[in-house]
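The values are calculated or read from the model by the stated rules, or taken from the named source; none is laboratory data. Note that the structure is predicted; figures quoted are calculated from it, not measured. Note: ideal-geometry Cβ built from the backbone for every residue, glycine included; neighbour counts use all protein chains shown. Each accessible area value is taken on the protein alone, full model and side chains, heavy atoms only, with ligands, DNA and RNA left out. Shrake-Rupley method; radii C 1.70, N 1.55, O 1.52, S 1.80 Å.
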Amino acid sequence: EIQITAEQILREAKDRQEPELFIPPTQKITDPEELKSYQLGKRKEFEDKIRKNRNLASHWYKYGAWEEAQQDFARARSVYERAMHIDYRNPAMWQRYAEMEMRQGFLNHARNVWERATTLLPRVDSLWLKWVHMEETCGNVPGARQVFERWMQYKPGENAWKCYAKMEQRYGETEKAREVIQQFVMTHNVIDTWLYYAKFEEKVAEIERSRRVYEEAVEALGEWSKDEKLYVAFAKFEERQKEYERARAIYRYALDNIPKGKAEEVYAMLTAFEKQHGNTQGIEEVVVSKKRFQYEEDLKQNPLNYDLWFDYIRLEEQMADVEKCRDVYERAIGNVPKVAEKHYWSRYIYLWIMYAIHEELEEEDPAQARAVYEECLKVIPHSKFSFSKIWLMYAHFEIRQGDLAKARKILGTALGRCPKNKLFRTYIDMELQLGELDRVRKLYQKWLQYNPTNTHVWVKYATLEDGLEEADRARYVFDMAIHQPLLDMPEVCWKAFID
């Protein structure tokens, strides 16, 4: 038994239904009375729609277009004028109004509409451009120029100035186009406008003028000129003129003046330039510049990274640029550790040591090396800790300069401010080499006053006297040693005494 549901019946009925093809009858108007009746009905229909919602622009558009189609231009103008009273801020309404006048050949009416529109809405570029297009299409170039001049008084955006300049170029008025662009640059003093000016001069084969524009841009923009876009464009211009040395100088000037974080493109362009037009040395300089840039960026993040300073210094030393090398050294030693603990100062002190050695050996400037040592000793907080290595290196430096008295004074100061076993040992070795035995004995005595528990000092003192065949002195020293209340290794002292 087959069951048929109501849903199936309705679906089949819908599927078998033939489509309704309603074609409205064609209305043919045969006499003026019928035409007037039709027009009256149509106008009433438009007026009713406007009465219901007069702010809807599409009603006005259709109404005006219909009146234009009826060749009743006075009524069409009346429709657009009524629309303007309701909303004069609608640029599209002004455009339709003016385009209607243009289509029908009423150019003076169209000019009147454009003038009113641009007076009420001077910041709407499309209105000005349409007006200029109309004048230019009619062959009225002076009129188009006047429209542009009126427009420029409002100091519009970049596109307006470029359109004005292009129009002058189209008619071969190069000098007038130049004047327009000069006003453009004065109004919009930014990099893009200067580049537009320079490219214009290059396009009209005024190479010297173009170069002068680039140079003026750098001066006129001031701080704003520190942008890689301007320098890259300038260098590419010189490269197109086959002025490779000028291009190279511009790239290097840019690297020296642009903030490091904004110079990525300059580095890339300079590298490509050197590969194409330079030599091995030029390519190496670019690579070094890029490394230098990387070091600068890393040191901004952590200026107390002394290992990074060492790498940076070695890079500058390889380039053999005295001023740059000194500048990096000065900046490096200016980053004093913030904590007065010897552990944090260990790497920092080696910057001073490298600086002093560099000045003495590489630059052969003893006065500068001496100044480095003295400044270093002022920076170290000797009341908390000191570095015997610095004192000894300073003393050895003065010995190399032939100033023995100054070396003795330095070591004496070191023993007075921060006595250490290493200082005593080195001072004694120096005096032994000079044969100053009385000084050696005094130093041993001071050493024992500073550290009387050090068995090795007693043994060395006694061994010295024994070597000088001063048996009584040696015996006296050993006797004092074994009577000390505290020795770190008394058995060593006894064995040396017995021997």
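Assorted remarks:
- Length released on extending from residue 212 to residue 119, taking residue separation times 0.36 nm less the Cα-Cα span: 29.6 nm
- Residue-wise HN-Hα couplings along the stretch 39-44, as the Karplus relation 6.51 cos²θ - 1.76 cosθ + 1.60 with θ = phi - 60° gives them from phi, are 5, 4, x, 5, 5, 4 Hz; Gly and Pro carry x.
- The stretch 33-118 - percent of accessible surface contributed by carbon and sulfur, probe 1.4 Å: 48
- Residue-wise HN-Hα couplings along the stretch 385-394, as the Karplus relation 6.51 cos²θ - 1.76 cosθ + 1.60 with θ = phi - 60° gives them from phi, are 6, 8, 10, 4, 4, 5, 4, 5, 5, 5 Hz; Gly and Pro carry x.
- List 11, 16, ordered by accessible area with a 1.4 Å probe, largest first: 16, 11
- Using the 1.4 Å probe convention, the accessible area of the stretch 78-190 works out to 51 Å² per residue with neighbouring protein chains retained.
- Probe 1.4 Å - accessible area at residue 341, Å² to nearest ten: 90
- Note on residue 333: accessible area is roughly 10 Å² with a 1.4 Å probe, heavy atoms of protein only.
- With DNA, RNA and ligands ignored, accessible area of residue 59 (1.4 Å probe; Å², nearest 10): 40
- Packing-based ranking, highest mean first, of 399-409, 139-149 given that Cβ atoms within 10 Å are counted: 139-149, 399-409
- Taken per residue, the accessible surface of the stretch 200-240 reaches 53 Å², heavy atoms only and a 1.4 Å probe.
- Surface listing: 119, 187 arranged by accessible area from highest to lowest gives 119, 187, probe 1.4 Å.
- Proximal lysine pairs, the stretch 1-144, alpha carbons under 17 Å, eight or more residues apart or interchain: 9
- Taking 18 Å as the cut-off, the amide N atoms of the stretch 164-189 that come nearer than this to a point 7 Å along the Cα-to-beta-carbon line of residue 141 belong to 164-181.
- Figure note: 167, 354 ranked by solvent-accessible area, largest first, 1.4 Å probe, ligands and nucleic acids not counted: 354, 167.
- Inter-label distance for residue 2 and residue 311, nm, one decimal - labels placed 7 Å from Cα along Cα-to-Cβ: 8.9
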